[in-house]
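The values are calculated or read from the model by the stated rules, or taken from the named source; none is laboratory data. These numbers were taken from a predicted model, which means no experiment stands behind them. So basically every Cβ, Gly included, is an ideal-geometry build from the backbone, and we count neighbours across all protein chains shown.
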There are 6 protein chains.
Amino acid sequence: MGMHQYLKSLSNLETIHRAPGYFKYEEHSVAAHSFKVTQIAQMLGDIEENAGQKVDWQALYEKALNHDYTERFIGDIKTPVKYATPTLRQMLADVDANLTENFIQNELPAEFQVAYRRRLSEGKDNSLEGRILSVADKVDLLYESFGEIQKGNPESVFTEIYRESLHTIVGFVDMVSVQYFLQKILPDLLAENFTNQEELRQITRRITDRK
Amino acid sequence: MGMHQYLKSLSNLETIHRAPGYFKYEEHSVAAHSFKVTQIAQMLGDIEENAGQKVDWQALYEKALNHDYTERFIGDIKTPVKYATPTLRQMLADVDANLTENFIQNELPAEFQVAYRRRLSEGKDNSLEGRILSVADKVDLLYESFGEIQKGNPESVFTEIYRESLHTIVGFVDMVSVQYFLQKILPDLLAENFTNQEELRQITRRITDRK
Amino acid sequence: MGMHQYLKSLSNLETIHRAPGYFKYEEHSVAAHSFKVTQIAQMLGDIEENAGQKVDWQALYEKALNHDYTERFIGDIKTPVKYATPTLRQMLADVDANLTENFIQNELPAEFQVAYRRRLSEGKDNSLEGRILSVADKVDLLYESFGEIQKGNPESVFTEIYRESLHTIVGFVDMVSVQYFLQKILPDLLAENFTNQEELRQITRRITDRK
Amino acid sequence: MGMHQYLKSLSNLETIHRAPGYFKYEEHSVAAHSFKVTQIAQMLGDIEENAGQKVDWQALYEKALNHDYTERFIGDIKTPVKYATPTLRQMLADVDANLTENFIQNELPAEFQVAYRRRLSEGKDNSLEGRILSVADKVDLLYESFGEIQKGNPESVFTEIYRESLHTIVGFVDMVSVQYFLQKILPDLLAENFTNQEELRQITRRITDRK
Amino acid sequence: MGMHQYLKSLSNLETIHRAPGYFKYEEHSVAAHSFKVTQIAQMLGDIEENAGQKVDWQALYEKALNHDYTERFIGDIKTPVKYATPTLRQMLADVDANLTENFIQNELPAEFQVAYRRRLSEGKDNSLEGRILSVADKVDLLYESFGEIQKGNPESVFTEIYRESLHTIVGFVDMVSVQYFLQKILPDLLAENFTNQEELRQITRRITDRK
Amino acid sequence: MGMHQYLKSLSNLETIHRAPGYFKYEEHSVAAHSFKVTQIAQMLGDIEENAGQKVDWQALYEKALNHDYTERFIGDIKTPVKYATPTLRQMLADVDANLTENFIQNELPAEFQVAYRRRLSEGKDNSLEGRILSVADKVDLLYESFGEIQKGNPESVFTEIYRESLHTIVGFVDMVSVQYFLQKILPDLLAENFTNQEELRQITRRITDRK
């Protein structure tokens, strides 16, 4: 076994689309989501560091970059299934852990196993970096759902996702970076135009009258 | 609650793609798959009926048409997860049953509940119609994987899917319709061209020489 | 000739898109449309049966499932062409019948010809099942056009399609299932949200104020 | 009525895909096809002019650019339908002519009607420019089908299209531009690589050995 | 070297999408854009000719059809880069000219070089045909941006593009065809519906009440 | 100005496709590419660290994650343009630097400017991390081009890209991680199947004979 299979598998994450089963104007792959979450985590890390927190940057990048890799062998299990009972949730977590461990032992060369065991384990722990990941994951989800609503997607599921994401983010409101998000970023998002139709006629009148 | 939500949900099945996580030349939605499985079941039913079997056509169509509807609220759980342990498999089946029952009781008007309880339960039972569904589901999967291999898809997963599908089909070899498939249909599939490149030069020579 | 070609041809119906020539947010294939029409016919059949009508379920499923198969060799002839003159309409119907009959005699094994001659003939006759098919075909078209209008598609052709579909459905208003559709389903469709933009700001305020 | 509708309708030609009903690696819209046919006609016109023929360039560009515009209101009628009987063929041509004439009279302002009546009539007449259009239309079709075969498309319909296109082109072999195509262009097309797999290993060996 | 490579390259223009980096409801390829610009130039030419101007139709078609061909080897250089300094702009123009000249000398047979040197040079000169091309290019861009705004695209870049296109068009207001566009076409564009939602409920009420 | 615009701009990178102008079986966005390059850099960093090198992980992740962000305002300038003359190359680099600096000063809040000035500057310097980025960028490009060739893409440009990527990688052969890539990863890549067609018939025979 070797790292060629691992490199090849990165492309698989480009072919898994998020939120299957709903009409969407824009598709987001797990690969692109992972990129955006890592970018968001980087920005949240800046805010924490500026506020005097000690950020373990290696841990932060590592957690964010790898947090959805195992979706490749687990698949997309819908939330109502995953959270049906505490026992089931635990069993699914165990299977996830087993499949991941099997992957590490059977697919990765010995010299990489320690690093990937850390990278592919649950990153959303109680460390500052784990908490930043929890927030960053939801910030991207909030932007994805906002993007649909802003473009006129009538599916109420995106309003639900927006609500649930914001809820989770607010749960971390003791963090400086979350306060920053709520005070300095969210208002700009809500101030966005939803359409540019009125502007169009004004522009046209202004330009054609001037001639 | 009313049937409008049910009609609307049929479109969701057009947006769930099969086998996420692998490069494919052709995408197949759950809606299109359900159409094809029902068509295949219809053909297998013809063969059984021609051979003197009594086919309950209402049951056959109903089983095939509705067999993947619940994927909408269950999601795509990968095989290694689903079959990790017998307990987990049972628990997932229970959750599936619960979610389906909730859907029937809360989303469907009373007068439709009996019919949809039957339609949304597991159709692959030991009846002739249940067995035809088991075969038809795998015949479509075999055609889907063959379509990829024939077009030159190098991902070995499609060879695996082809193998596994054929295996399951052969397990029903006591059925006349399976014997027909293996003797009269599969050889034609394997006799298909994989490319038409050689033919091209011959055609060109023949046409341009004649002029 | 054998049934392999028939099974293969089912995939062709996945590549024919409905209503070519207009911008659409969502594409619908003939395969997915056939699935949805069969689902809708199934629901309309339930309503008729609940109201005491005798439904021939085999005929109903068969008519709905196969009603657009021949589009594969006929193609998409625009309505103004098809209805230009009664003579032309008749001639096109004759060609359709001939091509279908040729297909049955030359492409299908003898033992399947009776069944497919019935399945591939015009299903929209005056039987209860034929009338349900007429309605189901238009209900799906109405949902497809509504889906575009709801998402903000400015092409007036979809308003035309909606109007024409509803018109045809209302023409069958003596049927219990049509009355049910007009009284219990259509109002829910019209009560749908067209956008979720206002809700978004309220949700945000409610969640962020609470913190 | 005004030219705004005409300008808007050009976008409709971007949404009509050629050869619906077959799996394709590449989709070609009627708009892109019209561009390519006009480019090919331009090149064939050069060859004729270089050979001393008098080319009416306005007529040539006009014929090529507009030759498929009416597909917008006629739709895609499959060849076996169109050619079923001479009477039907004539009737379809009459309907086409009527719809086109209606469009010109009802949708276009008076001052444009003469020009568009000429542009939207059948361009493939016996003039040099009409004959160049006949050839250019088939050269693009030949390239489209070759592109599919070269990429490994196993559908035999593309071999059929290639054959039929080449046949029609060869029928115009008295034209200098067709002789040029057959002698100087077609051999290069047939000399194309179908895959670059062997080359890959050689390149790799050469580069990695050199290090 | 031969014309086969040139014919093949036309397909490359089908795979270059305009305005990368922004969400769009509709993608437009360079090939389709070239088709539309040539159609628009043809219409503007009609207006000029009707007003008594002498139009060189060969030059007009040639300029419009080929005006973006060189994008194939230049790529998409963003406006702020292109216009950063006059020196840079001149240098980029020189590189463009060199690459084009290399292409003509090395890729095209001698007998085509004069024609393609003319066709692939900058077409937007001060001749009537060059000015029509300048306008036609912006009319298509204006329609593309309007199409996005009308469908509800919230990206402000399309309002910018609309504004900038209209600005350029108005700069040619001494041309009869531009006056025609501003007086007879633009008002119809602005009078377009942005949604058909209100109409839907009225239609429904009217049809269902009538029954 | 605020960070909302920055978060929104991450989605723009999902809509920029790499290598426009060539037929591809798989599209890769700049966002997904950035994810993969960061993953590859992480793996190469492991190898260097295992070999006793001191890796600055924050710098490595930061360089890889952000290395193509500025493509958003620069665009895709084709290689022959970029490398036409040393002066032009320098001028383009200056414009790139200016646009980036403008973006930082005008779009980003003061407290983020130092971090983003570092992140958005050229990352491919002579540090170990800069050299890893140079290699990782080419490894992903090599995998992208290999993916096309393996699927049967006949465009020779992908062979060129493969060759050029491998060349650049080999230029860093003094690095342990490059030696690892050449000895342990590249041979596995070249040993990949290009098709699974032969295997298919064997599987079929084995399974159907056993029955």
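Here are a few things to note about the model shown:
- Within the stretch F:1-26, the set of residues being at the interface with chain A (Cβ under 9 Å from one of its Cβ atoms), under 17 Å from the mean Cα position of the chain (by Cα) and not in a loop (DSSP other than H, G, I, E, B) comprises just one member, F:Leu10.
- Scanning the stretch C:190-211 for residues that are out of contact with any Leu (no Cβ under 8 Å at 6 or more places or on another chain) and among the aliphatic types (A, V, I, L, M) gives a single hit, C:Ala191.
- Lone qualifier among F:Leu7, F:Leu60 - being under 28 Å from A:Gly147 (Cα atoms) and at pLDDT 95 or above: F:Leu7
- Criterion applied to B:Glu111, B:Glu122, B:Glu62, B:Glu129 was being more than 9 Å from every other protein chain (Cβ to nearest Cβ), assigned to a helix (DSSP H, G or I) and not aromatic (Phe, Trp, Tyr), and the one residue passing it is B:Glu129.
- Residue that is farthest from the chain's Cα centre (by Cα), among those in the stretch D:31-54 that are surrounded by fewer than 19 Cβ atoms within 10 Å (Cβ to Cβ) and more than 7 Å from chain E (Cβ to nearest Cβ): D:Gly52
- Enumeration of residues in the stretch D:71-93 that are part of a helix (DSSP H, G or I), in contact with a Phe, Trp or Tyr (Cβ under 7 Å, 6 or more places away or on another chain) and either crowded, with 17+ Cβ neighbours inside 10 Å or in contact (Cβ under 8 Å) with a residue 40 or more places away in the chain (or both): D:Phe73
- Look at the stretch F:154-180: where a residue is over 19 Å from A:Met3 (Cβ atoms) and a partner is basic (Lys, Arg), sitting 6+ places away or on another chain with Cβ atoms under 8 Å, you get F:Pro154/D:Lys151; F:Thr168/F:Lys138.
- F:Thr100, sole failed condition from (1) within 23 Å of A:Ile40 (Cβ to Cβ); (2) within 14 Å of chain A (Cβ to nearest Cβ): (2)
- Set D:Ile203, D:Ile149, D:Ile169, D:Ile161: member being of a type in the set (Val, Ile, Thr), in a helix (DSSP H, G or I), out of contact with any Phe, Trp or Tyr (no Cβ under 6 Å at 6 or more places or on another chain) and within 7 Å of another protein chain (Cβ to nearest Cβ): D:Ile203
- Exactly one residue among A:Asp96, A:Asp68, A:Asp125 is buried (at least 18 other Cβ atoms within 10 Å of the Cβ), among the acidic types (Asp, Glu) and modelled with pLDDT of 95 or more, and that residue is A:Asp68.
- Failed criterion for B:Tyr143 (all others in (1) part of a helix (DSSP H, G or I); (2) under 22 Å from B:Gly75 (Cβ atoms) hold): (2)
- Filter result (under 14 Å from B:Asn66 (Cβ atoms), in contact with a helix residue (DSSP H, G or I) (Cβ under 7 Å, 6 or more places away or on another chain) and in contact (Cβ under 8 Å) with a residue 12 or more places away in the chain) within the stretch B:109-118: B:Phe112, B:Tyr116, B:Arg117
- Conditions (1) under 14 Å from the mean Cα position of the chain (by Cα); (2) touching a residue at least 24 places away in the same chain (Cβ under 8 Å): number failed by F:Asn106: (1)
- For C:Glu26: the one exception among (1) acidic (Asp, Glu); (2) without any contact (Cβ under 8 Å) to a residue 60 or more places away in the chain; (3) in contact with a Ser or Thr (Cβ under 9 Å, 6 or more places away or on another chain): (2)
- Members of the stretch B:80-97 that are facing another protein chain (nearest Cβ under 9 Å) and of a type in the set (S, T, N, Q): B:Thr85, B:Thr87
- Which listed residue is over 30 Å from E:Glu148 (Cα atoms) and of a type outside the set (Phe, Trp, Tyr), from A:Glu160, A:Glu148, A:Glu122: A:Glu122
- Index of the failed condition, A:Ile185 passing every other in (1) more than 14 Å from chain F (Cβ to nearest Cβ); (2) buried (at least 16 other Cβ atoms within 10 Å of the Cβ); (3) of a type outside the set (Lys, Arg): (1)
- Residue count for the stretch C:181-200, restricted to those that are farther than 21 Å from B:Tyr6 by Cβ and outside any loop (DSSP other than H, G, I, E, B): 4
- Check on D:Arg117, modelled with pLDDT of 95 or more and surrounded by fewer than 19 Cβ atoms within 10 Å (Cβ to Cβ): yes
- Qualifying residues in the stretch C:188-200 (those that are of a type in the set (Asp, Glu) and within 14 Å of chain B (Cβ to nearest Cβ)) - the one farthest from A:Leu186 (Cα to Cα): C:Asp188
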